[in-house]
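Student: Before anything else, here's the structure in question.
The values are calculated or read from the model by the stated rules, or taken from the named source; none is laboratory data. Computed from a predicted structure; not experimentally measured. For neighbour counting, all protein chains shown are included, and Cβ atoms are generated from backbone atoms with ideal geometry for every residue, glycine included. For the accessible areas, the whole protein counts, side chains as well, though only heavy atoms, and no ligand, DNA or RNA atoms are used. Shrake-Rupley method; radii C 1.70, N 1.55, O 1.52, S 1.80 Å.
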Amino acid sequence: VTGLGEQFSEARYFSERNFGVVGQASYPFSKFRRLDFDLSLQVVKRDNLQYDSDGFLFQASDTTNLLAAPSLSLVHDNVLYSYFGPVDGSRWILSGTQAVPLGKESLSYTTISLDYRTYLHVGRGYSFAFRGLGIGSFGRDPQSFFLGGPSTLRGYDDLSNTNGSVSVLSGAKAALGTVEFRFPFITHLGLNAPLPISFFNIEGVLFADAGAAWNHGVRVFSNSGGSLHFVDPRASYGFGIRADVAYFLMHLDLAWPTQATLTNPQKKPKWHFSIGPEF
């Protein structure tokens, strides 16, 4: 996939150089709601590379793409935060982007998305978190979206390749749902060996994810094999911990996928490590 969200039909080597400007303006309706206007003007020069008979990469061709994409977003946010992230309230963003075709080298697409998140604090550090995401891109040069990895669909690879082809968890349309139960796990953990290290306020998480990405249609259920199961959507469940280590918020998750893939036919659990606040 390229820096502009273009997806190739097969694996290839290339290098990109991006030039341009990005601007944003906001108009607040109230303390918790606003309208954002974004404008992205970019020129992307891409060198397509191939191997020669001696095994060296050389530039086989080059392409130039132009992107002029204004975006309008309605944003709501009234969440309350703890140290690790939101614990109460809700936030959502409804966004539309139109890439304007200014010439034959310009990309042309329309992308619409809704990202909704809500949180329920039940007291004493316990909370529930829910997320629903739907996104679709249409037009001559639709964007591609990928699911998998610690920030979207845990238990599945992110941007993984199988036999040189792009992962099936990608497409011009995507939907994702997540539910988490967050709770205090360890208040204080002190280690004397091999180094004297202390960890404070380690948070535990139980989670379940489900999502699908497609281009021309999605098949939800199948009864093949004598049991009802998901087809295109992927799902997973697991647990994780959140800890403050040297001023960084560390995430460590263990997720079990419910569907087999070409890279994980035995549905083995997958570890995910990431840094940053909760969604």
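Student: For the chain, what mean projected area does the convex hull of the alpha carbons give, in nm²? Mind showing how you got there, number by number?
Tutor: Numbers: hull surface 81.5 nm².
If I average the Cα hull's projected area over directions, I get 20.4 nm².
Student: What per residue convex hull volume, in Å³, do the alpha-carbon atoms of segment 19-59 yield? Numbers along the way, then the final one.
Tutor: Numbers: hull volume 3.9 nm³, N = 41.
Once divided by residue count, the hull of segment 19-59 is 94 Å³.
Student: Using only the Cα atoms of segment 87-204, construct the convex hull and provide its projected area averaged over every direction, in square nanometres to one decimal.
Tutor: For segment 87-204, averaging the hull's shadow over all directions gives 12.0 nm².
Student: Over segment 46-86, what per residue volume does the convex hull of the Cα atoms give, in whole Å³? Don't skip to the end; give the middle numbers.
Tutor: Details: hull volume 5.6 nm³, N = 41.
Given the Cα convex hull of segment 46-86, per-residue volume reads 137 Å³.
Student: Tell me, what is the FRET efficiency for SER90 and LEU206 to the nearest 0.05, using R0 = 30 angstrom and their Cβ-Cβ distance as r?
Tutor: Numbers: r = 21 Å, r/R0 = 0.69.
In this case the efficiency is close to 0.90.
Student: Follow-up question, since we're still on this one. If you build the convex hull over the alpha carbons only and average its shadow over all orientations, what do you get for segment 1-121? Give it in nm² to one decimal.
Tutor: Numbers: hull surface 44.8 nm².
Convex hull of Cα atoms, orientation-averaged projection: 11.2 nm².
Student: With a point put 7 Å past each Cα toward its Cβ, work out how far THR118 is from THR263 in nm, to one decimal.
Tutor: 3.4 nm
Student: With charges set only on the Cβ (+1 for Lys and Arg, -1 for Asp and Glu), what does the dipole of the chain come to about its Cα centre, in debye to the nearest 20?
Tutor: Numbers: 22 positive and 23 negative charges, 145 e Å.
Roughly 700 debye, rounded to the nearest 20.
Student: Tell me, what is the FRET efficiency for LEU80 and ALA25 to the nearest 0.05, using R0 = 22 angstrom and their Cβ-Cβ distance as r?
Tutor: On the way: r = 27 Å, r/R0 = 1.24.
Given R0 = 22 Å and the Cβ-Cβ separation, E is 0.20.
Student: Right, next: Could you pull out the longest piece of the chain with no exposed loop GluC sites (Glu not before Pro) in it, calling a site exposed if DSSP puts it outside H, G, I, E, B and it has at most 13 other Cβ atoms within 10 Å?
Tutor: Values: sites that count: GLU10, GLU105.
Of all site-free stretches, the longest is 106-279.
Student: Give me the 1.4 Å probe accessible area per residue for the chain, excluding ligands and nucleic acids, in Å².
Tutor: Details: 16160 Å² over 279 residues.
About 58 Å² of surface per residue is accessible.
Student: Let me ask another. Given springs between every Cα pair under 10 Å in a Gaussian network model of the chain, which of ALA172, ALA260, ALA210 has the largest fluctuation?
Tutor: ALA260
Student: What FRET efficiency comes out for ASP158 versus PHE138 if R0 is 22 angstrom and r is the Cβ-Cβ distance? Round to the nearest 0.05.
Tutor: Working: r = 24 Å, r/R0 = 1.11.
Using R0 = 22 Å, I get an efficiency of 0.35.
Student: Given a 1.4 Å probe and the protein chains all in place, what does the accessible area of ILE112 round to, in Å² to the nearest 10?
Tutor: Near enough 90 Å² of accessible area.
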